[in-house]
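Okay, so here's the structure we're looking at.
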Amino acid sequence: MIPIALPLLADEEAGAARAAVLSGWVSQGPQVAAFEQEFATLVGAPFACAVSNCTTALQLALAALDIGPGDEVITPSHSFIATANSVRFQGATPVFVDIDPSTYNIDPARLVEAITPRTRAIIAVHQMGMPCDLAALTAITDRYGIVLIEDAACAAGSKILMNARWESIGKPHGRIACFSFHPRKVITTGEGGMLTTADPELDRRFRLLRQHGMSVPDTVRHGSAQVIFEDYLIVGYNYRMTDIQAAIGRKQLERLPDLVARRRAIAARYTELLSNFEGLRVPEEPEWARSNWQSYCVRLPDYLDQRTVMQGLLDEGIATRRGIMCSHREPAYANGKRHHDLRQSEIAQDRSILLPIYAQMSQDDVNRVVDALLQHI
């Protein structure tokens, strides 16, 4: 079986987890602090705050900005439902806009049309690891005085050309970037998330909110020679990462450059083998973007049925996934707000499939996937 994804976890991660377990400190502690610092250094962010997953990261981003009832947040429908859910958690209204079909990312031109006096933020998704057009997005947010939040769930290791320099996604281009460490991502801690920012006050708010609004972290209280009584300054959450997860994450960070390089090689090979087949559309990487290729998505010819192709591949032992979901099509958002039709988003969901891609794939695996796909088109 060739799976859609496979995390690369080995003896190094197992040893790190074991050491954390044997240390006697398994909740949020020194390993989390070290992971935050190493992640911040890697992406070029002044601050990084680890949390339980990317959904909670997105919610904390909105909560720290005091976004709530009566506010609107523009975002693509074409994203995992957690993006829209994070807005709803705060009582705000997600406003769905369409995507650019060449990158599967939010279309800056359609975004401008959706801005109203109630718009407080834009959540732009670096879909499948492909960077958004941050130059265009930051120009819009600066012009209208609204906040840019990057849903970088899939984008650890991706880069973008900004001001004639290659910079990591996660270096603050907007106000906040949010990452996921789910097993489908390039690096994993099982579950887990991270927020990066250049704003020390926002970072302070993240840390307060993730731990019940507690004035004194556990590590400070337990390490003090004096008795400390904590206060609960605001209503917060329990969105902490464990030291076991962080210990694994630190080893995964060491692997990240090699993992991205391997994925880029596999994606290049897919593109080489699939580019010349009429009606089959391979993904496009803009010249200003370097994707980590968290997923490799192809658009099927119009005459093919998505489910039939996927089932045919599965029958041959090859797992795929349909195109990225559209939140506005789900019952929870049936009456959601959209500024315009979401035709490109719907086409992307209905006519695309994600092919297997992970660092351990061999050349034979790639050839097998391509051969099987071409038999069905």
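The values are calculated or read from the model by the stated rules, or taken from the named source; none is laboratory data. Values in this document were obtained by computation on a predicted structure and should not be read as measured data. Neighbour counts are summed over all protein chains in view; Cβ atoms, including those assigned to glycine, are modelled from backbone coordinates with ideal geometry.
Annotations
- Matching option when the condition is within 17 Å of the chain's Cα centre (by Cα) and closer than 13 Å to residue 245 by Cβ, among 52, 86: 52
- Output for segment 203-230, where each listed residue is hydrophobic (A, V, I, L, M, F, W, C) and part of a helix (DSSP H, G or I): 206, 208, 209, 220
- Residue 187 vs. criteria in a loop (DSSP other than H, G, I, E, B) and surrounded by fewer than 17 Cβ atoms within 10 Å (Cβ to Cβ): no
- The residue that is farthest from residue 237 (Cα to Cα), among those in segment 20-51 that are aromatic (Phe, Trp, Tyr) and touching a strand residue (DSSP E or B) at 6+ places or on another chain (Cβ under 7 Å), is 39.
- The set of residues in segment 190-202 being buried (at least 19 other Cβ atoms within 10 Å of the Cβ) and assigned to a loop (DSSP other than H, G, I, E, B) consists of 192 alone.
- Close pairs (8 angstrom Cβ cut-off, 6 or more residues apart or separate chains): within 8 Å of residue 194 (Cβ to Cβ) in segment 30-54, modelled with pLDDT under 95 anywhere: 50/28
- Note on segment 313-354: residues that are touching a Ser or Thr at 6+ places or on another chain (Cβ under 6 Å) and buried (at least 18 other Cβ atoms within 10 Å of the Cβ) total 10.
- Leading residue by the ranking (surrounded by the fewest Cβ atoms within 10 Å (Cβ to Cβ)) among those in segment 269-297 that are in contact (Cβ under 8 Å) with a residue 40 or more places away in the chain and among the acidic types (Asp, Glu): 287
- Residue match in segment 349-360 (condition: in a helix (DSSP H, G or I) and either assigned by TED's automatic domain parsing to the domain that holds residue 152 or without any contact (Cβ under 8 Å) to a residue 40 or more places away in the chain (or both)): no
- Qualifying residue in segment 228-235 (condition: surrounded by 15 or more Cβ atoms within 10 Å (Cβ to Cβ) and either over 27 Å from residue 86 (Cα atoms) or touching a residue at least 24 places away in the same chain (Cβ under 8 Å) (or both)): yes
- A single member of 57, 33, 45 is over 30 Å from residue 315 (Cβ atoms), modelled with pLDDT of 95 or more, of a type outside the set (Ser, Thr, Tyr) and in a loop (DSSP other than H, G, I, E, B), and it is 45.
- Residue within segment 172-180 that is under 25 Å from residue 243 (Cα atoms), over 11 Å from the mean Cα position of the chain (by Cα) and buried (at least 24 other Cβ atoms within 10 Å of the Cβ) present: yes
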